[in-house]
Amino acid sequence: MLVITRKVNQSVIIDGNIEVVVTEVTKDGVRLGIIAPREVTVHRRELFEAIAEANRAASGQQQASVEDAAALLRARMPKVRITRDR
Amino acid sequence: MAQDSILLTFPQGLLGFSDLTTFHLFEPKGGYPLKFLQAADKPEISFVCMDVAAIKIDYEVTLGDADANLLGLERQEDAMVLALVVVPENPRGMTANLAGPLVINVKTQVGVQVVLDASKFPLQYPVFGPQDEVVLAFPRGLIGFPDLKSFRLFEPAGSYPIKFLQAVEQEEISFTCIDAGAIKSDYTFPLEEEDAAFLALEKPQDALVLAMVVIPEDPRRMTANLAGPLVINVHTRSGCQVALNPEEYPLKYPFIQEG
């Protein structure tokens with residue numbers, strides 16, 4: 001891991017076009033500003049990991065259990081409407 | 001395990017088959033949405049039918065007095081509506097008769113074939129929609145899967161309403177997901193300006209929001225990830241995964257409500 005010391009308002013440039021700036025240092029933490037092109041995503045690590053984990057879980061489904069689950073859902077979905085001809 | 005079948009009585013028979021008044025309805029496992037209606041007295045006569053609810057249209061059946069009295073339906077939930085299906089040589093050309101649905105009272109196990117206006121309801125409605133292969137572009141990939149930038153969206157009838165998002169570059173990777181609106185009608189979240197611009201989303205109606213679904217061993221405990229929705233622009237077919245605060249949006253929303 002590359003460790004660099006920055007003071008407030010100083011920054012680092014990653015890969016030539018991503019900039020991370022230290023905007024504020026308080027007792028509650030360090031505020032970082034990030035300037036990056038649109039295709040680059042930035043997430044808090046714990047959020048990233050939680051969602052990546054949820055994605056992984058959604059990618060490991062067995063076909064049979066999906067069909068059982070789908071049948072369960074359909075049983076609860078609104079059915080075809082029957083109306084009276086008065 | 002023997003297939004479950006229920007015995008149904010059609011006091012008036014079916015159109016053109018007024019003498020067939022008793023049937024076994026089979027629902028082979030994994031065969032959704034097709035079922036078989038076999039005449040009890042003449043087992044060589046069997047009709048293929050399907051749950052009309054599997055055809056994703058707004059279908060409404062109006063019952064006249066005679067049919068309503070025959071069925072004695074007390075509640076909407078007691079009704080099952082099936083459409084007879086014609087299966088040609090190429091099964092992909094299967095059509096359903098939506099002008100003559102079979103309306104069944106599952107409580108009394110009595111059914112009637114209702115005649116609807118054939119000028120308003122198709123006699124030969126294609127069961128398989130056009131083979132529109134929907135390929136979605138995810139320029140940023142998915143969270144944790146940054147290299148998967150292209151997906152096919154599959155909606156096999158047997159899994160409806162669950163959909164599959166299959167990675168084009170790595171076909172063994174497929175995510176189960178569902179239309180978020182189908183599981184939580186009041187699900188809303190703010191979309192960052194940059195994300196909306198990234199997807200060229202001008203109005204909410206242009207967006208399809210999918211939630212990843214996890215199905216554990218007990219399918220009743222399935223959950224949806226409402227903290228990481230996939231937002232897709234239905235016109236441009238490009239999408240991205242949005243990360244929301246898990247303290248406000250559940251990562252594991254149990255959407256099967258008991259009861």
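Quick look at the values:
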quantity: Average other protein chain Cβ within 10 Å of Cβ, residues A:39-52; calculated: 5
quantity: Cα-based equivalent ellipsoid, region B:71-159: semi-axes from gyration tensor eigenvalues, Å; calculated: 39, 19, 11
quantity: Cα centre as origin, Lys/Arg/Asp/Glu Cβ charges: region B:118-219 dipole, Debye; calculated: 420 debye
quantity: Accessible surface, per residue, of chain A when the full set of protein chains is kept, probe 1.4 Å, Å²; calculated: 74 Å²
quantity: Order of exposure, largest accessible area first, which applies to B:Leu14, B:Leu84 with probe 1.4 Å; calculated: B:Leu84, B:Leu14
quantity: Portion, in percent, of the accessible area of the protein assembly as shown that falls on carbon or sulfur, probe 1.4 Å; calculated: 52 percent
quantity: Descending Cα extents along the principal axes, region B:78-217, whole Å; calculated: 55, 39, 38
quantity: Whole-number D in µm²/s for chain A (Stokes-Einstein; Kirkwood sum over Cα pairs; 4 °C, 1.567 mPa s); calculated: 71 µm²/s
quantity: Other protein chain Cβ atoms within 10 Å, averaged over every residue that makes up B:77-90; calculated: 1
quantity: Shielding by partners - mean other protein chain Cβ count within 10 Å, residues of B:23-29; calculated: 1
quantity: Fraction in percent of alpha-carbon pairs per bin - 5 Å, chain B; calculated: 1, 5, 11, 13, 14, 13, 11, 10, 9, 6, 4, 2, 0, 0
quantity: Heavy-atom accessible area per residue - region B:23-108, 1.4 Å, Å²; calculated: 47 Å²
quantity: Estimated buried accessible area (total), pair A and B, 1.4 Å, Å² to nearest 100; calculated: 4000 Å²
quantity: Accessible area per residue in Å² at 1.4 Å probe, computed on region B:153-242; calculated: 46 Å²
quantity: Residue-span extension gain [B:Ser5 to B:Val168] - 0.36 nm each, minus C-alpha spacing; calculated: 54.7 nm
quantity: Size descriptor, Kirkwood hydrodynamic radius, that averages inverse alpha-carbon separations across region B:169-259, Å; calculated: 14.1 Å
quantity: Point-to-point label distance, B:Asp19-B:Val135, nm (Cα→Cβ direction, 7 Å offset); calculated: 5.7 nm
quantity: Cubic angstrom per residue, convex hull over Cα atoms of region B:1-94; calculated: 143 Å³
quantity: Alpha-carbon Debye profile of region B:116-175, log10 I(q)/I(0) at 0.15, 0.30 Å⁻¹; calculated: -0.57, -1.21
quantity: Heavy atoms of B:Lys35 accessible to a 1.4 Å probe, total area in Å² rounded to 10; calculated: 10 Å²
quantity: DSSP-defined beta bridges in chain B - what % are antiparallel, rounded to 5; calculated: 95 percent
quantity: Orientation-averaged projected area, Cα convex hull of the protein assembly as shown (nm²); calculated: 23.3 nm²
quantity: Set of aspartates and glutamates near B:Lys35 by C-alpha distance (under 15 Å), chain-local residues within fewer than 8 positions excluded; calculated: B:Asp4, B:Glu27, B:Asp51
quantity: Förster-model FRET efficiency, 51 Å R0, A:Thr26 and B:Ala54, C-beta, rounded to 0.05; calculated: 0.35
quantity: Listed residue pairs exceeding 29 Å between alpha carbons, taken from B:Lys163/B:Lys252; B:Lys107/B:Lys163; B:Lys149/B:Lys184; B:Lys29/B:Lys163; B:Lys149/B:Lys252; A:Lys27/B:Lys252; calculated: B:Lys107/B:Lys163; A:Lys27/B:Lys252
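The values are calculated or read from the model by the stated rules, or taken from the named source; none is laboratory data. If you're wondering where the values come from, they're calculated on a predicted model, not measured in any experiment. Backbone-built Cβ (ideal geometry, glycine too); neighbour counts: all protein chains shown. Please note that ligands, DNA and RNA were not included when accessible areas were found on the heavy atoms of the full protein model with its side chains. Shrake-Rupley method; radii C 1.70, N 1.55, O 1.52, S 1.80 Å.
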